[in-house]
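Novice: The structure under discussion is supplied below as structure tokens; questions concerning it will follow.
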Amino acid sequence: SCGQQLLTTELPNSRPAGEAFDYGGSQWQAAGVTASVAANATWNQLVDQYLGAPCDLEVFTFGNPWQELSVGSTSFNGTVESLPGQANPNVEGGAITNLDDYAKLLQVHLNGGFCGDTRVLSEAALASMRTDRGGVVPEDPVPYGMGWWISTDNPGVYDDPGAFGAVSFIDVERGLA
């Protein structure tokens, strides 16, 4: 529902693409709902089809950590299924996973887009994710690719601090994630 609203509502203070760097989550929601509508599937169904199954992930889905449980709620019982917001997931910061599965997804970036023998990202997609779009604008330049902050001090290093303290990084030069 958030994505549907974004597709029909002009964001305040919007500027033309390429004019200024403006980090925020609305672009991820718009991309998620666009993919869902195009494929006639939910975001979580698409994630499972294109990442979960091919990468043999045990736990990888999206919820909405900002959708609060009601006061006094006992609905969280320690299982993934009881986490809030899975019917209307937050694409930017709602990933739910475990360390082993997260490592598999980071490894995709070091394996040229493959999970084992299955390609889940093309070389072009990987290159596009690492192309600086934020540091090349005239206003408020910040080195940023697609989902990755780009280190200008360490070429080939990309990171993404999570909303709740986890920090993922890849170092393509050294083959580390």
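Novice: Stokes-Einstein D for the range 31-128 at 25 °C, 0.890 mPa s, Kirkwood Rh over Cα pairs, in µm²/s? Kindly include the intermediate steps, with their values, before the conclusion.
Specialist: On the way: Rh = 14.6 Å.
This corresponds to a translational diffusion coefficient of 168 µm²/s.
Novice: Calculate, for the chain, the solvent-accessible area per residue in square angstrom, rolling a 1.4 angstrom probe over the heavy atoms of the protein chains. Mind dumping the intermediate values first?
Specialist: Details: 10810 Å² over 177 residues.
Result: 61 Å² per residue.
Novice: So which GluC sites (Glu not before Pro) in the range 79-177 end up in coil per DSSP with only 15 or fewer other C-beta atoms within 10 Å?
Specialist: 173
Novice: Pick from 41, 125, 17: which residue has the top mean-square fluctuation in a GNM of the chain where Cα pairs under 10 Å get a spring?
Specialist: 17
Novice: Which chymotrypsin sites (Phe, Trp or Tyr not before Pro) in the range 36-69 pass both tests, a DSSP loop state and at most 13 other beta-carbon atoms within 10 Å? All intermediate terms of the calculation are to be shown ahead of the outcome.
Specialist: Values: sites: 43, 50, 60, 62, 66; in loops: 66.
Those satisfying the criteria are 66.
Novice: Cα centroid distance between the range 25-45 and the range 56-131, in Å?
Specialist: Distance between centres, Cα-based: 14 Å.
Novice: Ratio of alpha-carbon Rg to the 2.2 N^0.38 Å globular estimate for the range 96-140, to two decimals, please. Walk me through the intermediate numbers first.
Specialist: Details: Rg = 13.9 Å, N = 45, 2.2 N^0.38 = 9.3 Å.
Working it through for the range 96-140, the quotient is 1.48.
Novice: Still on this model: Find the cysteines in the chain that fail to meet the 4.7 Å Cβ criterion with every other cysteine, and list them.
Specialist: Within the chain, the cysteines lacking a partner Cβ under 4.7 Å are 2.
Novice: Give the residue list of chymotrypsin sites (Phe, Trp or Tyr not before Pro) in the range 87-177 that are DSSP loop and have at most 16 other beta-carbon atoms within 10 angstrom. Can you show the working numbers first?
Specialist: Numbers: sites: 102, 114, 144, 148, 149, 158, 164, 169; in loops: 148, 164.
Sparse-neighbourhood loop chymotrypsin sites (Phe, Trp or Tyr not before Pro): 164.
Novice: Could you work out the Kirkwood radius for the chain, taking every pair of different alpha carbons, averaging 1/r and inverting it, reported in Å?
Specialist: About 17.8 Å, per the Kirkwood formula over Cα pairs.
The values are calculated or read from the model by the stated rules, or taken from the named source; none is laboratory data. All values derive from a computational prediction rather than experimental measurement. Virtual Cβ from ideal backbone geometry, glycine too; neighbours counted across all protein chains shown. SASA here: full protein model, heavy atoms, side chains in, ligands and nucleic acids out. Shrake-Rupley method; radii C 1.70, N 1.55, O 1.52, S 1.80 Å.
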